[in-house]
Amino acid sequence: MSRPVRIGIQLQPQHAPDYGLIRDAVLRAEDAGVDIVFNWDHFYPLYGDPDGAHFECWTMLGAFAEQTERVEIGALVTGGGYRNPDLLADMARTVDQISGGRLILGIGSGWFQRDYDEYGYDFGTAGSRLDLLKEYLPRITGRLEKLNPQPVREIPILIGGGGEKKTLRLVAEYAQIWHSFGELDVFTHKSQILEEHCARVDTEPAKIERSVAWPGVEAAPAYHAAGATLFTVGINGPDYDLTQVREAVTWRDRVNPEPVSGIA
C-alpha cells in the first residue's frame, strides 16, 4: 500500500496562559495546510516551568472539532489509564460526530508520574500500565460498536510507543497508525518487529501507517524511505511558532504526487 506523506502539528497545551492563544494556533495551522492537529494528554507542563499554564486534552478536542473544517484532530496521545475506557469511547464518538468524522483516537500507556500522583491515579509500573492498556483497548472498541448514534466513520486508532513485546503487539492487533519514538535505526528496527507481530495476528503490515516526530527537512527523506509517512511537528506555547510546520508542509508538497485528504 503506497501512502502519501501527511504532516501533523502537536500544539502542546502548555505555557499558554490564555486559551485564545491555542485557538489562534489551531486556525493558523489549518490555514498553513497541515493534515492533522494534535494536542497531548497531560495535566502539567512537560518542560519549562513545571507549574506553568496548562489545559486539559479532551475538552480542548471538542473545541478543535467545532473550530476546524478540514484537518483531522486527536491526542498524541491519550493517557490510557486516565479515564474509564467505555467513557473514553463515548467521548471519542462524540468528538468524532462534532467534527464530522475527523477524529483520530491516539492512545498510549502513560508515563509521566506527576500526572498520576497529582490526580490520584495508580502509577504502577511500565508493565502494569501496558497491561491496563491491553485490558482497555477491547473495551474501547467494543463500546464504540454499541453507541447510538455511531461515530461518523470507523475511528482510526493511533497507538504511541515502542515496547517490542507488548506495545507493538497491541499496535498489530488494534491500530491503524503507529507513532514511534527514537532515531532512524530504532524506527527501522521496531518497524521490523511490528511486521513480525502483524504476521502472528494476521494483520497486513501495510495497513498500519507509520508516524514519527518531524526530524527536519534534511533527515525526513531517510525516515520516509524507511516507511514513515506521518510526520508531526511539536510546538510550544505561548507563541506557537509555525516556522517548522511550514517547512514540513513545503517538503510534503514536493514529495506527494497530489493533495492529501484524510487517512491514506
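Just one of the listed residues (ASP51, ASP122, ASP117) is assigned to a loop (DSSP other than H, G, I, E, B), among the charged types (D, E, K, R) and over 23 Å from LEU170 (Cα atoms), namely ASP51.
Taking residues in region 51-62 that are acidic (Asp, Glu), and partners anywhere that are surrounded by fewer than 19 Cβ atoms within 10 Å (Cβ to Cβ) and part of a loop (DSSP other than H, G, I, E, B), the pairs with Cβ atoms closer than 8 Å and at least 6 places apart or on different chains are ASP51/TYR44; GLU56/PHE43.
Taken over region 240-257, the criterion of being of a type in the set (D, E, K, R) and buried (at least 20 other Cβ atoms within 10 Å of the Cβ) is satisfied by ARG252 alone. Could you go through region 90-98 and let me know if any residue there is surrounded by fewer than 22 Cβ atoms within 10 Å (Cβ to Cβ) and polar (S, T, N, Q). Yes, some residue in region 90-98 is surrounded by fewer than 22 Cβ atoms within 10 Å (Cβ to Cβ) and polar (S, T, N, Q). Out of all the residues in region 205-238, which are in contact (Cβ under 8 Å) with a residue 60 or more places away in the chain, surrounded by fewer than 18 Cβ atoms within 10 Å (Cβ to Cβ) and either charged (D, E, K, R) or assigned to a loop (DSSP other than H, G, I, E, B) (or both)? LYS207, PRO238 - these are the residues of region 205-238 that are in contact (Cβ under 8 Å) with a residue 60 or more places away in the chain, surrounded by fewer than 18 Cβ atoms within 10 Å (Cβ to Cβ) and either charged (D, E, K, R) or assigned to a loop (DSSP other than H, G, I, E, B) (or both). Checking the stated criteria, ILE104 turns out not to satisfy the condition of being hydrophobic (A, V, I, L, M, F, W, C), under 29 Å from GLU69 (Cα atoms) and in contact with a Ser or Thr (Cβ under 8 Å, 6 or more places away or on another chain). Of the residues making up region 107-152, those that are in contact (Cβ under 8 Å) with a residue 40 or more places away in the chain, within 26 Å of ASP51 (Cβ to Cβ) and either among the hydroxyl-bearing types (Ser, Thr, Tyr) or surrounded by 19 or more Cβ atoms within 10 Å (Cβ to Cβ) (or both) are GLY108, SER109, ASP115, TYR119, TYR121, ARG129.
When only residues in region 79-89 that are closer than 14 Å to GLY110 by Cα and in contact with a Leu (Cβ under 7 Å, 6 or more places away or on another chain) count, which is surrounded by the fewest Cβ atoms within 10 Å (Cβ to Cβ)? This residue is GLY81. Within region 217-231, is even one residue in contact with a Ser or Thr (Cβ under 9 Å, 6 or more places away or on another chain), modelled with pLDDT of 95 or more, closer than 30 Å to ILE22 by Cβ and of a type in the set (S, T, N, Q)? Yes, region 217-231 contains a residue that is in contact with a Ser or Thr (Cβ under 9 Å, 6 or more places away or on another chain), modelled with pLDDT of 95 or more, closer than 30 Å to ILE22 by Cβ and of a type in the set (S, T, N, Q). Count of region 173-202 residues, restricted to those that are under 20 Å from HIS224 (Cα atoms) and over 17 Å from the mean Cα position of the chain (by Cα), is 12.
With respect to the conditions (1) without any contact (Cβ under 8 Å) to a residue 40 or more places away in the chain; (2) in contact with a Ser or Thr (Cβ under 8 Å, 6 or more places away or on another chain), GLU69 falls short on a single one, namely (2).
The values are calculated or read from the model by the stated rules, or taken from the named source; none is laboratory data. A quick note: this is a predicted structure, and the numbers were derived from the prediction, not measured. Every residue, glycine among them, receives a Cβ derived from its backbone with ideal geometry; neighbour counts consider all protein chains shown.
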